[in-house]
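To start, the structure itself, in structure tokens.
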Amino acid sequence: MSKKRKVVKLIQEEEDLLLTAAALQLQIHINQTEDRKKKKKKKKKKSVWAKDWLQRRVLYGQCEKLIVELREEDARGYKNYMRISSELFRRRRDTTVAYS
């Protein structure tokens, strides 16, 4: 083999090695990027937020003690849940005549 052919062959082998190294480096970068995305997704767990009186619903049921506790603890929550203020509810209850 001539000296010129040996040099050309060595240059081609170097180019092949450089291309292989570049492809490996690119693959490593892609894998690292995917790992970072997965870690970010794992960190973003959604939390469930509920008011204390809603969590006690299992213990007391939806009415009875729960409505009383809601009225005492959170007036805005009571009005939002019942769609009427506690004062107006009391007035209507007091003016309502029970049928016997």
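The values are calculated or read from the model by the stated rules, or taken from the named source; none is laboratory data. Quick caveat, the model's predicted, so the values are computed rather than measured. Backbone-built Cβ (ideal geometry, glycine too); neighbour counts: all protein chains shown.
Some values worked out for this structure:
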| read-out | value |
| --- | --- |
| Matching residues, segment 78-96, being in a helix (DSSP H, G or I) and among the basic types (Lys, Arg) | Lys79, Arg90, Arg91, Arg92, Arg93 |
| Some residue of segment 71-78 being in contact with a helix residue (DSSP H, G or I) (Cβ under 8 Å, 6 or more places away or on another chain) and modelled with pLDDT under 80 | no |
| Boolean, Tyr60 is of a type in the set (Phe, Trp, Tyr) and at pLDDT 75 or above | no |
